[in-house]
Amino acid sequence: MPDDSVALTARPRVADVARMAGVSAATVSRILNGSTNFAEETRKRVQEAALELGFQPDPAARSLRRGQGDSIALLVGDIEQGVYAGLTRHMQSALEAMGLDLLVYDLAHNETRLRRFLERAAARRLRGIVLATTDTLPDDCLNLLKNLARQQVQVIALRQRMDHHGIVSVIQDERGAAHVATTALLEKGHRSIAFLGRINGSRIGAERCEGYRDALRGAGLAVPSDLAWDAFYRYRAGYSAVQQSLEKNLRYTAILAASDELALGAIAALQDAGLSVPQDVAVIGFGDADWAPYQRPALTTMSEHPAELAAIVRDILEGNTRELLYTIKRHLIPRKSS
């Protein structure tokens, strides 16, 4: 009488799982690759057979069949900024739940680094690229992204719009958020408000500055050119910009800082000059850094949504949504600094 039991080898094969589960090899392959187009009982039988046999899919073979691997590259504009640390943490969790690996690459605001990565991206067999930078992209890098998308690499832009180029974009409403923050200061009676942030070379920095200007114009106020300070998102840059403004005897009663790091540097400069926050100068930041509630005074800031950004990226990669543009609203988190 023939023995119908599965002969175990050093490395179980798809055929072994199929034989034990009583289904075809194609069914095993589809179920173990995440397909939900099967009865629950069939999926359970395949999964139990794979577990009993100790079957593990061969990532290299699967990559060759698809022409893609199981890795998503997250290109961050500046890994030293706290917002990117939070985003990376949530992206890691979202992708792990999908069985995908995360590769993190720091662009450091360097066009050459971005260009070099994109030129080599096809050879890496990436499943997708998530571009999380606020820097304005040169045309050749934009064309490289479009070419990768045409090669079935899922390209997703975070934090700046590229939907008009056919690239899926997940953004936060930066202009609207800056308008909300500036309006909150206006409602407290402030009429001389400074803007501190990266204006030139940064898409969202420019949008935040426009939101600040919109609110001033809406209140019937002039937009003072000497109170808009272009600075990188660094503690030291915030400190230096405010220190220089005080040396020039500029007059203002509030600062909207386009990052929490800039806000912290600004507060330090104000306090070193003998000024009190918020009694002499109110300060609002952007990003709700982990330390913002513990800074003294606790920092008023605009919210940041890394978990929601990562969840939308996961939905896009899983094919659960097919929009070109997703927008997340920020909200004001009022604390003691304003």
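Quick note: the coordinates plus some simple rules give every number you see, no bench work behind them. From a predicted model like this one, the values you see are computed outputs, not experimental measurements. Please note: Cβ atoms are built from the backbone with ideal geometry, for glycine as well, and neighbour counts cover all protein chains shown.
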Legend entry - Formal net charge of residues neighbouring V104 (Cβ-Cβ distance under 14 Å; K, R +1; D, E -1): -2
Inset, instruction - Would you kindly compute the Cα radius of gyration of the range 14-57 and its largest Cα-Cα separation (Dmax), both in Å? - result: 8.9, 24
Inset, instruction - First measure r as the distance between the Cβ atoms of E96 and Q244, then evaluate 1/(1 + (r/R0)^6) with R0 = 41 Å and state the FRET efficiency to the nearest 0.05. - result: 0.35
Inset, instruction - Report the Stokes-Einstein translational diffusion coefficient (µm² s⁻¹, integer) for the chain, Rh taken as the Kirkwood radius over Cα pairs, at 10 °C with viscosity 1.306 mPa s. - result: 70
Inset, instruction - With a Förster radius of 41 Å, plug the Cβ-Cβ distance of A228 and E318 into 1/(1 + (r/R0)^6) and report the FRET value to the nearest 0.05. - result: 0.45
Inset, instruction - Counting helices only, and only those DSSP H runs with n ≥ 4, report the 222 nm mean residue ellipticity of the chain as the sum of -39,500 (n - 2.57) divided by its residues, in deg cm²/dmol to the nearest 500. - result: -13500 deg cm²/dmol
Legend entry - Per-residue Cβ neighbour rank within 10 angstrom, fewest leading, F55, F38, F286: F38, F55, F286
Legend entry - Percent of C-alpha pairs per 5 Å bin, the range 235-328, short to long: 3, 13, 21, 18, 11, 8, 8, 8, 6, 4, 1, 0
Inset, instruction - Place a +1 charge on the Cβ of each Lys and Arg in the range 206-300 and a -1 charge on the Cβ of each Asp and Glu, then give the dipole magnitude about the Cα centre in debye, rounded to the nearest 20. - result: 200
Inset, instruction - Multiply the residue separation of K329 and Q47 by 0.36 nm, subtract the distance between their alpha-carbon atoms, and state the gained length in nm to one decimal. - result: 97.5 nm
Inset, instruction - Describe numerically, in nm with one decimal, the distance between label points set 7 Å from Cα along Cα→Cβ at R11 and at L275. - result: 6.6
Inset, instruction - Evaluate the charge dipole of the chain about its Cα centre and quote only its size in Debye, nearest 20, assuming +1 on the Cβ of each Lys and Arg and -1 on the Cβ of each Asp and Glu. - result: 420
Inset, instruction - Enumerate the amide H contacts of L196 below 5 Å, restricted to partners 5 or more residues apart or on another chain; note that Pro and chain-start residues carry no placed amide H. - result: W229, L256, A257, A258
Legend entry - Degrees, to the nearest 10: 235-247 long Cα axis against longest axis of the chain: 10
Inset, instruction - Specify the angular offset, from 0 to 90 degrees and rounded to the nearest 10, of the alpha carbon long axis of helix 174-187 from the longest principal axis of the alpha carbons in the chain. - result: 30
Legend entry - Projected-area mean, the range 174-302, by convex hull of Cα positions, square nanometres: 6.8
Inset, instruction - Could you tell me which of A39, A228, L145 has its Cα farthest along the dipole of the chain towards the positive end, charges placed at Cβ (Lys, Arg +1; Asp, Glu -1), taken about the Cα centre? - result: L145
Inset, instruction - Would you kindly compute the Cα radius of gyration of the range 268-322 and its largest Cα-Cα separation (Dmax), both in Å? - result: 17.8, 56
Legend entry - Potential lengthening between A311 and A122 on full extension [0.36 nm per residue; Cα-Cα distance subtracted]: 65.5 nm
Inset, instruction - For K248, go through the aspartates and glutamates and keep the ones whose alpha-carbon is under 15 Å away, minus same-chain ones fewer than eight residues off. - result: D226
Legend entry - When the range 22-173 is reduced to its Cα atoms, the Kirkwood hydrodynamic radius in Å: 17.3
Legend entry - For the chain, built as a Gaussian network whose Cα springs stay under 10 Å, the top-fluctuating residue of V223, V153, V83: V223
Inset, instruction - Quickly work out the R251-to-E40 label distance, labels modelled 7 Å from Cα along the C-beta direction, and quote it in nm with one decimal. - result: 7.2
Inset, instruction - Can you tell me the 0 to 90 degree angle between the C-alpha axis of helix 40-53 and the longest principal axis of the chain, rounded to 10? - result: 80
